[in-house]
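Here is the structure we will look at, set down as structure tokens.
The values are calculated or read from the model by the stated rules, or taken from the named source; none is laboratory data. For clarity, every value in this text was computed on a predicted model and none was experimentally measured. Note that we place each Cβ from the backbone using ideal geometry, even for glycine, and neighbour counts take in every protein chain shown.
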Amino acid sequence: MQTTRVWDLPTRLFHWLLAAGVTGLVVTGQVGGSWMDWHFRLGYGVLALLLFRVVWGFVGGHWSRFTHFLYGPATIWRYLSGHSAPEHGVGHNPLGFLSVLGLLGFTLLQVATGLFSDDEIATSGPLSKFATGEWVSRASDYHTDIGKFILLALVFLHLAAIVFYRVKKKQNLVAPMVWGDKQTELGVPSARDDLATRLLALGVLALSGGAVAALLIWTA
């Protein structure tokens, strides 16, 4: 066995910052009132994080790249049938891939519809002025009702899966996302996680934040 760096520091920070951001969005959205200002700020922050993760999925550490955890239907079915490959126990397994795809996709959709939403009282998304009334209404309905509950359900399933793997399969999925390392068989490649990687991540995050800032300036 060897100690393998599975999750680089940028990936780990993204994970926990996204979790904190989504939690803050749920809380501020429920409280409403003056907290909606923070709801929008958190939404912009989450959008920057999602843009970062998309780019990091191509240039990040070995196990954070999409090419190393994108699985087809046949692979997912074999995994569910009990026929897993060695790499499935290192990074994201096929079920983890589905979880990541669902969480990132629906979080992005939730943020996107928030940009077009309008509560017709005091708050409206920066893109609502560019859309038709019908589109704004549909985006608002999805954002405040359907999308919120879908996202909460996915978060619940994600947490339930972590508990299941800890109790039933004796696999701790949280520790590697905190410390980055996991005990694996010899020969498993480690994710690059040096100073150059972290500086690259800062650059990608700056560009992502700049893209969100440019969007807000354009819509002001």
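Structure notes:
- Thr75 farther than 30 Å from Thr3 by Cβ, surrounded by 17 or more Cβ atoms within 10 Å (Cβ to Cβ) and at pLDDT 90 or above: no
- All positions within segment 67-114 that are touching a residue at least 40 places away in the same chain (Cβ under 8 Å), farther than 18 Å from Ile150 by Cα and of a type in the set (A, V, I, L, M): Val90
- Residues that are of a type in the set (Gly, Ala, Ser), part of a helix (DSSP H, G or I) and farther than 16 Å from Ser190 by Cα, drawn from segment 58-97: Ala74, Gly96
- Members of segment 57-66 that are of a type in the set (Phe, Trp, Tyr) and either free of Cβ contacts under 8 Å to residues at least 40 places away in the same chain or in contact with a Lys or Arg (Cβ under 8 Å, 6 or more places away or on another chain) (or both): Phe58, Phe66
- Exactly one residue out of Ile150, Ile217, Ile146 is more than 25 Å from Trp16 (Cα to Cα) and not hydroxyl-bearing (Ser, Thr, Tyr), and it is Ile217.
- Selection within segment 8-32 - modelled with pLDDT of 95 or more and outside any helix (DSSP H, G or I): Asp8
- Within segment 191-220, the set of residues being among the hydroxyl-bearing types (Ser, Thr, Tyr) and more than 19 Å from His15 (Cα to Cα) comprises Thr219 only.
- Condition broken by Asn172, with the remaining ones in (1) surrounded by 12 or more Cβ atoms within 10 Å (Cβ to Cβ); (2) over 19 Å from Asp8 (Cα atoms); (3) free of Cβ contacts under 8 Å to residues at least 60 places away in the same chain satisfied: (2)
- Residues being exposed (fewer than 12 other Cβ atoms within 10 Å of the Cβ) and closer than 24 Å to Asp37 by Cβ - total across segment 131-148: 1
- Matching entry among Val31, Val26 (being touching a Lys or Arg at 6+ places or on another chain (Cβ under 8 Å) and over 26 Å from Gly180 (Cβ atoms)): Val26
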